[in-house]
Amino acid sequence: MGRRSRVRLKGKLKTYIRAFIYLGILLAALNVIVYMLDTRSGLILSGYVVLYFALAFTLYGHNKNLIAKELVSFATHYGQVQKALLQELEIPYAVLDDEGHIIWMNGWFEKITHKEHNFRRSITSIFPSITREKLPGEEEYIENELEFEDSSYLVKMRKIPVRDMINNSSIVEANKNYDGYLVAFYLFDNTAVKLALQEIDDQSLVVGMIYLDNYDEALESVEEVRRSLLIALIDRKVNKYISAIDGICKKLEKDKYLIVLRKKALESLKENRFDILDDVKTVNIGNEMAVTISIGIGLSGLTYAQNYEFARNAIDLALGRGGDQAVVKTPDNVVYYGGKSQQAEKNTRVKARVKAQALQEIISGKEQVLVMGHRNPDVDSFGASVGIFRIAKALDKRAYIVLNDITPAIKPMVDLLMEKEDYSEGIIKNQEAIDLAGNNTVLVVVDVNKPSITECPELLRACKSIVVLDHHRQGTESIENATLSYVEAYASSACEMISEIIQYIDDGVRISGEEADCMYSGIMIDTNNFLTKTGVRTFEAAAFLRRSGADVTRVRKLFREDASDYKARADAVSQAEIYRNAFAISTCSGEDIESPTVVGAQAANELLNIKGVMASFVLTEYQSQVYISARSIDEINVQIIMERMGGGGHLNIAGVQLEGVSVESAIGALKETLDSMIENKEIKI
């Protein structure tokens with residue numbers, strides 16, 4: 001056979017090549033059997049067997065070397081073809097080491113990234129979003145998306161272990177614990193797919209509703225003969241605005257419109273921040289009151305019906321927050337626009353009477369009543385609780401006020417009422433309230449509509465019958481499934497609302513002088529001594545409480561300040577920073593003060609007396625939290641500023657509680673929020 005071949009066959013090919021040898025052995029065995037039967041036949045067959053083996057071994061030696069050479073040649077050419085195919089593959093492809101450095105790239109990868117074939121730097125230098133942490137580690141396979149030079153790519157990265165390759169290598173070696181790997185890096189251009197999906201999304205249906213907030217009031221301020229002209233002008237303006245963005249507008253009722261438009265058109269409304277909110281106010285034919293509208297938009301739902309439901313929820317939110325604003329609701333988010341006007345006070349008390357009768361029916365059908373305000377209760381929250389407590393008692397029901405902590409702000413009033421037997425037994429803590437809750441209990445929540453900041457959130461789950469009475473503008477988080485919800489953003493305080501309700505309870509509710517003091521105090525504190533958010537009905541409620549025995553002198557004595565509180569407030573005012581020539585920002589020290597958050601709120605009110613200040617913010621560190629009290633007169637909506645930071649409130653009175661941050665960090669976050677909102681034209685200075 002000549003010199004021994006260095007390439008040996010194995011596996012199925014080796015078995016196939018040697019098959020004739022195995023057949024020769026069977027032939028030899030047959031020859032033995034033939035010898036036993038006939039010697040002459042055996043000799044003839046022996047000659048044939050010898051010839052067979054001679055030819056077989058000759059062919060085996062010749063073909064073995066030939067096949068081995070052909071296999072080596074095929075493997076060499078196959079490797080070259082494979083490399084060429086990979087190099088010219090129209091999918092950008094690269095090989096990285098386990099630290100993300102490029103080892104090799106094909107032609108299309110070079111073409112897309114504009115790099116030479118010998119480029120050996122980190123993949124992050126080309127695609128900043130592909131950091132080392134995003135490379136396959138524990139995972140065998142990872143997908144990501146990235147944007148590069150106006151194109152969108154789907155990145156697929158696969159982990160390729162190299163231990164076996166190194167073990168079989170004759171030029172490198174690795175220790176036993178080596179677990180290095182390579183990364184196969186593919187780029188798939190999905191720009192066209194994304195554009196198609198975006199186009200489909202842009203054309204998707206958006207449903208909206210437009211309500212005129214003060215339709216009846218605006219008409220009443222116009223001569224009767226000109227009312228139809230006012231309506232026509234408003235209709236024309238609304239229809240023209242929607243038609244300009246290729247939308248459909250259909251008038252449902254005298255003050256309600258249904259709109260349908262494309263999602264792409266909604267983006268233009270957002271960019272202009274729903275300028276129709278301001279535009280419609282310019283309609284003036286002698287009407288004393290400017291017309292304002294509320295807009296609710298629903299989109300990205302699974303069905304058209306769900307979009308419509310989102311729109312209804314959005315318009316309810318807009319109206320609950322005072323109107324004159326647009327609310328856009330999606331399955332994951334709610335965004336607010338506008339909301340610069342104070343909601344007009346309703347002169348009629350029909351709604352208050354209807355709600356009072358509904359409340360009476362609900363309480364009459366239960367055995368006991370639990371009344372709960374918000375956490376860290378203030379004067380308005382406690383005063384409103386006292387009013388509901390008295391209504392329940394007048395209807396011969398067991399009543400309890402849930403009050404876990406008596407804050408310094410309400411301590412004088414609690415001490416005043418604890419002398420009465422009803423209140424000494426009627427003020428209970430959270431756990432006692434949870435134990436009392438049941439099917440025959442109604443829970444009345446006052447001065448708050450945000451479950452997370454109620455005095456005892458667990459009670460909301462323990463009670464099936466819930467009544468909500470609040471005067472704050474509604475936010476994204478609200479108490480759901482309430483049996484009765486009476487939320488009026490125009491009311492000055494919860495005590496004002498309860499004072500009206502008391503007057504409409506059929507059996508007549510008599511309140512004592514001390515109870516009247518508590519409710520009068522709630523109105524007085526929330527209106528800053530009747531200076532803010534004060535309407536005709538506010539004074540009517542105050543007059544009712546005065547007739548019921550409220551003593552202004554006694555109330556004033558209840559809220560006289562300690563010298564330390566007065567000094568702390570003066571300190572906060574004196575060290576205020578005027579930020580961007582429009583915002584007063586200060587801090588209030590909580591040292592030696594019983595109720596620093598109240599002092600902070602008072603300081604915020606004081607800062608509004610400085611010329612040029614549009615809004616004031618006072619930060620107070622208290623009980624491991626930073627409280628921000630925000631105040632404005634009428635130029636800035638502090639509610640949307642505080643909502644951006646996780647809080648809420650009214651157009652000109654709002655706040656937020658921040659956990660796990662320092663006062664300095666909170667000031668930084670506040671300034672960043674103000675800068676961002678000014679830059680995005682959400683607030684104007």
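Read-outs: derived from the displayed coordinates by stated rules, not from any lab. Here the structure is a predicted model, which is why all the values come from computation and not from measurement. Virtual Cβ from ideal backbone geometry, glycine too; neighbours counted across all protein chains shown.
For this structure, a couple of remarks:
- For segment 350-558, the Cα-based Rg and Dmax, in that order, read 15.3, 43 Å.
- Peptides ranked, highest mean first, by Cβ atoms within 10 Å: ranges 482-494, 324-336: 482-494, 324-336
- Taking a point 7 Å from the Cα of residue 663 along the Cα-to-Cβ direction, the residues of segment 630-652 with backbone N closer than 16 Å to it are 630.
- Normalised by residue number, the volume inside the convex hull of the Cα atoms of segment 525-680 is 125 Å³ per residue.
- Selection among 218, 301, 269 by position relative to the dipole of segment 204-338 gives 301 as farthest towards the positive end (Cβ unit charges, Cα centre).
- Straightening the chain between residue 358 and residue 531 buys 59.1 nm, computed as 0.36 nm per residue apart minus the Cα-Cα spacing.
- HN-Hα J in Hz across segment 442-449 - Karplus 6.51, -1.76, 1.60, θ = phi - 60°, x for Gly and Pro: 10, 9, 10, 9, 10, 6, 7, 9
- For segment 253-293, convex hull volume per residue from C-alpha positions, Å³: 78 Å³
- Å³ per residue enclosed by the Cα convex hull of segment 204-338: 93 Å³
- Farthest toward the positive end of the dipole of the chain, out of 407, 135, 441, is the Cα of 135, where the dipole comes from beta carbon charges about the Cα centre.
- Contact order, relative form, for the chain: 7 percent (alpha carbon pairs under 8 Å, 6 or more residues apart, mean separation divided by residue count).
- Cleavage-rule hits, trypsin sites (Lys or Arg not before Pro), segment 193-293, DSSP coil, Cβ neighbours within 10 Å at most 16: 254, 273
- Additional length obtainable on full extension of the chain from residue 43 to residue 229, 0.36 nm per residue less Cα span: 54.0 nm
- Charged neighbours of residue 193, selected by a Cβ distance under 13 Å, balance to -3 (K, R count +1; D, E count -1).
- Neighbour net charge for residue 432 - beta-carbon separation under 13 angstrom, K R +1, D E -1: -2
- Mean-position separation - Cα centroids, segment 99-119 and segment 628-644, in angstrom: 53 Å
- Charge sum, other residues only, whose C-beta stays under 15 Å from residue 202's C-beta, Lys/Arg counted +1 and Asp/Glu -1: 0
- Annotation: Cα Rg of the chain relative to the compact-globule expectation 2.2 N^0.38 Å equals 1.56.
- Relative to the current alpha-carbon distance between residue 89 and residue 202, full extension at 0.36 nm per residue lengthens the span by 37.2 nm.
- Taking the Cα centre of segment 350-558 as reference, the dipole from Cβ charges on Lys and Arg (+1) and Asp and Glu (-1) amounts to some 420 debye.
- At least 18 Å along the helix axis (C-alpha) and Kyte average at least -0.5, DSSP helices within the chain: 19-37, 39-88, 227-243, 304-320, 350-364, 379-394, 513-526, 663-679
- For residue 587, residues with placed amide H under 5 Å, excluding near neighbours: 619
- If R0 equals 56 Å, the separation of the Cβ atoms of residue 415 and residue 263 corresponds to a calculated FRET efficiency of about 0.45.
- DSSP-defined beta bridges in the chain - what % are antiparallel, rounded to 5: 70 percent
- Simple point charges give the picture: +1 on the Cβ of Lys and Arg, -1 on the Cβ of Asp and Glu, and for the chain a dipole about the Cα centre of about 3800 debye.
- Dipole of the chain computed with +1 at Lys/Arg Cβ and -1 at Asp/Glu Cβ about the Cα centre; of 615, 331, 102, farthest Cα towards the positive end is 102.
- Converting the Cα gyration tensor eigenvalues of segment 623-673 into ellipsoid dimensions via √(5λ) gives semi-axes, longest first, of 19, 11, 8 Å.
- C-alpha center-to-center spacing [segment 435-514, segment 214-281] in angstrom: 34 Å
- For segment 267-313, applying the loop criterion from DSSP together with a ceiling of 11 other beta carbons within 10 Å to the GluC sites (Glu not before Pro) yields 288.
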